[in-house]
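The values are calculated or read from the model by the stated rules, or taken from the named source; none is laboratory data. All values reported here derive from a predicted model rather than from experimental measurement. Cβ coordinates were reconstructed from backbone atoms using ideal geometry, including for glycine residues, and neighbour counts include every protein chain displayed. Protein only, heavy atoms only, side chains kept; ligands, DNA and RNA dropped before computing areas. Shrake-Rupley method; radii C 1.70, N 1.55, O 1.52, S 1.80 Å.
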Amino acid sequence: MNLKKYLVRALHRLQKGPGYTYKELLVWYCDNTNTHGPKRIIKEGPKKKLIWFFLTLLFASLVFWQWGILINTYLSYNVTSSLSIGFKTMKFPAVTVCNANPFKYSEVKHLLKELDRLIEAALERILQPTPGNSSENVFPPLDLQLWNQIPLVLIDEHDKDNPVILDIFETNQTAVGNETTAGNETIAGNDTAGANATLEEKKYKLAVKLCSHQGSDNCTYRNFTSAAQAVTEWYILQSTSILSKVPLHERIRMGYQAEDMILACLYGAEPCNYKNFTQIYHPDHGNCYIFNWGMDEEALNSSNPGAEFGLKLILDISQQDYIPYLSSAAGARLMLHQQKSFPFLKDQGIYAMAGTETSIGVLVDELERMGYPYSDCTMNGSDVPVKNLYSQYNTSYSIQACLRSCFQIHMAEICGCGHYMFPLPEGVNYCNNEDNPGWAYCYSSLRSSIKQRQICIDSCKETCNDTQYKMTISMADWPSEASEDWIFHILSYERDMSTNVTLDRNGIIKLNIYFQEYNYRTISESAATTIVWLLSSLGGQFGFWMGGSVLCLIEFGEIIIDSLWITIINVIGWCKGLRQRRARARYPDVPPTVSELVEAHTNLGFQHEAGGALPGDEALPPEPGTPPPNYDSLRVQPLDVLSPDSDAD
């Protein structure tokens, strides 16, 4: 009932106000709106009416165009960066120090013995080629099975269209034909003298040959401009296969121990030693040691800026025990990072040179990014689709950890094994030449794949909050010639309890790490456009071009509602007319009018009073029990639906 009253009132309002047609509604809106322009359209003369109609339409179009630009700008979620400088007591960063050489050569020599003999023979054959210089003359014989898994080859590009490829040891050990074609390349065969003559006369490029499996024609060649680069890359691939089969506790034992590497430690005015460092195993650098990691204890604060209040270390890198073909750089690798974060020294670390005192002044930058929808960053990595394989170290999320985890997961899926340099997914083993003969080919293809790289970049996210340490590095020779005798005597005695000097300038490094100043910079993001900016901009454009306000928009909404009511009325009228047309089609005879029915009723009563019979009474006698017709039902009923008083309560 209440709904009926509401509809009736709405119809009365239309009848008294805007009217029942769209034209009446439009005229009523133009006459009553507070927006400038529409009133002039209905009140001015014909010429001015046309001008005002054009101006109103033009400015309304400009308003909607500007609104579209503003809304699109708001939905782009741009940000602005602000820089602020603060002063406070800051946490000292976590400091990771490693040796540039991952293992002591004396500990791993038995594992790399055959590998070293192969590379020495190969270098001798490359650098001093003679007809009698072959692998058959070496005793004991070389392990060419190890060589053939990932061989080094020489490429002669004198003929660009048909380069000649020569396996260094294949000329004396294999029984292939004189020439085998692989694509556009020609592989030389068994002519030893001819090969040696060619080595003397022509300049070759050294390359690493990688095949999907041993003996396969599906191979790729990694070319290098320098033989030194090729030898290092080949040695890393071969040693990776060998060391991946060594248990972790054995690899830790073969690395540099903290008590041997960290000779002296001082933080501020407090002494420290190797026990204040946390040991982790890093595949690139072996045993690494982290100071102030914050895993077991609270992070240390720095009381003051300056070198006297920082961390001072003296390290022994034992350069005489380096692996000759694996580590071509000598020194210590170090990195400053946040507490409870994994150190990725290969990407973010720096070298400290032996025989020097390296001073590192630190400045702190704090980055605060806005999250979704302003930027695609993550707070803790929980919304990243890539499983973090570095979570086994109980470290926080970082994009470097995500990218490496993504690569390792893809390698495990495609190659069937994991790379030695990254943590393993569950149920996957490290790659080696025996169990996975084509792992190096698969790894090289995957590493150079732009598609795979883009998948990982799209899957991983930056952290929303990050702390970066900017370093100012300076170096000086240490110790000086005047003081090196007594310093080396003291350090040797403290390390070995020996009166003999067991240390020298090639193995000693001194580090000073300190805050350069206590000012820290905070780079924070803020929204360039807010909802307040959007509303004020929309209102400003509407008011400037149309002289309108929010109330004018409400009026516009009102006319839309009235248009809907008129549309509903027209639809109802159309449906009623449709039913009437269908009824006329069903009953084609014209129904009697009310006057004809009254006259027939009067005549029928008169004839009955006179005792006469109506025409047709004999043919159509009334059926027994049939009640007389009720003509009162044909009386005209008043239409009170649209009555002005029908809405009275």
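The calculated P(r) of the range 431-548, using every Cα pair and 10 Å bins from 0, goes 8, 14, 12, 16, 22, 13, 6, 5, 3, 0 in percent.
Its alpha carbons give the range 26-80 an Rg and a Dmax of 16.0, 52 Å.
Suppose every K and R has +1 on its Cβ and every D and E has -1 on its Cβ; what is the size of the dipole of the range 242-365 about the Cα centre, in Debye to the nearest 20?
Charge dipole of the range 242-365: 380 debye, to the nearest 20.
Label positions at Val246 and Ser449, each projected 7 Å from the Cα along the C-beta direction, are separated by 3.0 nm. Out of every Cα pair in the range 230-312, what percent are spaced more than 23 Å from each other? Roughly 41 percent, once rounded to a whole number.
With the gyration tensor restricted to C-alpha atoms of the range 376-463, the semi-axes of the equivalent ellipsoid amount to 24, 15, 8 Å, longest first. For Thr463, the amide hydrogen comes within under 5 Å of the amide hydrogens of Thr378, Ile399, counting only partners 5 or more places away or on other chains and with H modelled in the peptide plane.
Shape call for the range 278-426 from the C-alpha gyration tensor, a ≥ b ≥ c root eigenvalues: rounded (a/c under 1.5), prolate (a/b greater than b/c) or oblate? Oblate, since a/c reaches 1.5 and b/c is not below a/b.
The magnitude of the dipole of the range 376-463, with charges of +1 and -1 set on the Cβ of Lys/Arg and Asp/Glu and taken from the Cα centre, is near 200 debye.
Of the residues Cys456, Ser396, Asn432, the one whose Cα sits farthest towards the positive end of the charge dipole of the range 376-463 is Cys456 (charges of +1 on Lys and Arg Cβ, -1 on Asp and Glu Cβ, taken about the Cα centre). What does the C-alpha gyration tensor say about the overall shape of the range 498-588? Classify as rounded when a/c is under 1.5, otherwise prolate if a/b is larger than b/c, or oblate. Taking the square roots of the gyration eigenvalues as a ≥ b ≥ c, the range 498-588 is oblate. Shown are Thr529, Thr232, whose ranking by accessible area with a 1.4 Å probe and every protein chain present, most to least, is Thr232, Thr529.
Of the two radii for the range 280-319, the radius of gyration is 1.05 times the Kirkwood radius, both from the alpha carbons; that is the Rg over Rh value.
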